[in-house]
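Peer 1: The following block contains the structure, expressed as structure tokens.
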């Protein structure tokens, strides 16, 4: 698990984000105002990628300066996945592994699957890619939190004080990370999920919609939590949990 105070490469955020969350300046770095126009590409070509595209449009609508510094350039598949871009298919550019990265490129991981999020992040990072953090204008990130790069904060998600959040997580709408929670990397956290105070979540977990981790609960890596589950104490690694109280119903 990657925690606070890591050394991170620059990840760009719009100016409105830093005006709203000045404490994050220096935790998530911002490109200088004189930087060339950045070209944002979403890696992923299905439902999550389309959601990320429209999240970026909401960000542009809320911050006029973003449109002058960054423009959407298209979608890239991952390992030739066939995808489903529907009306956005005309913006498909090909596969990410065939794409030659330029200095102006910044990337979003528009994929929900935690293992694929890790694969994209690690592989593209090794090729020199820079990542963009998507943060909906109605999300709220406390300045006393510590967050990594390449995360996605969908509408109405909240990160409270003294939270440690790693890299390349996907918070998919109205997710609440409460005080002193620790969350690793590459997790997918479904809508209306609650990770309450002093909880610990590892990496590559899939928390389905309305999952609740009660204060102090701990889960390891590579777990799948069923919708509306309530975690009282937690689990280690590679577990399937369901129910209230959540019980292990299998392995991953």
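Peer 1: Compute the separation of the alpha-carbon centres of the stretch 55-121 and the stretch 123-142 and state it in Å as a whole number.
Peer 2: About 11 Å separates the Cα centre of the stretch 55-121 from the one of the stretch 123-142.
Peer 1: Taking a point 7 angstrom from the Cα of residue 127 along the C-beta vector, which residues in the stretch 45-66 have backbone N less than 15 Å away?
Peer 2: 45
Peer 1: Scan (i) 1.02; (ii) 0.96; (iii) 0.99 for the value of Rg/Rh (Cα atoms, Kirkwood Rh) calculated from this model and give just the label.
Peer 2: Checking each listed value against the structure points to (ii).
Peer 1: So in the chain, what percent of DSSP beta bridges are antiparallel if you round to the nearest 5?
Peer 2: Expressed as a percentage, antiparallel bridges in the chain total about 10.
Peer 1: Related question: What relative contact order, as a whole-number percentage, does the chain give when Cα pairs under 8 Å and 6 or more residues apart are counted?
Peer 2: Relative contact order, the chain: 14 percent.
Peer 1: Report the FRET efficiency, 1/(1 + (r/R0)^6), for residue 80 and residue 54, where r is their Cβ-Cβ distance and R0 is 25 Å, rounded to 0.05.
Peer 2: 0.55
Peer 1: Next up: Taking the chain as a Gaussian network, where each spring joins two C-alpha atoms under 10 Å apart, which residue of 61, 174, 139 fluctuates the most?
Peer 2: Its mean-square fluctuation being the largest, the pick is 61.
Peer 1: Pick from 73, 179, 136: which is most flexible by mean-square fluctuation in a GNM of the chain where alpha carbon atoms under 10 Å apart are linked?
Peer 2: Greatest mean-square fluctuation among the candidates belongs to 73.
Peer 1: Which value in deg cm²/dmol, rounded to the nearest 500, describes the helix-derived mean residue ellipticity at 222 nm for the chain, given -39,500 (n - 2.57) per DSSP H run of n ≥ 4 and division by the residue count?
Peer 2: -5000 deg cm²/dmol
Peer 1: If I take R0 = 45 Å and measure r between the Cβ atoms of residue 232 and residue 119 in this structure, what FRET efficiency does the formula 1/(1 + (r/R0)^6) give, to the nearest 0.05?
Peer 2: Plugging the Cβ-Cβ distance into 1/(1 + (r/R0)^6) gives 0.90.
Peer 1: Rank 92, 160, 132 by mean-square fluctuation in a GNM of the chain with C-alpha springs under 10 angstrom and give only the top-ranked residue.
Peer 2: 92
Peer 1: Still on this structure, I have one more. Which parts of the stretch 64-90 would a label at residue 138 reach, counting a residue when its backbone N lies under 20 Å from a point 7 Å out along Cα-to-Cβ?
Peer 2: Within reach of a label on residue 138: 64.
Here, each number is a calculation from the coordinates, and none is a lab measurement. The structure displayed is predicted, hence computed values, not measured ones. Backbone-built Cβ (ideal geometry, glycine too); neighbour counts: all protein chains shown.
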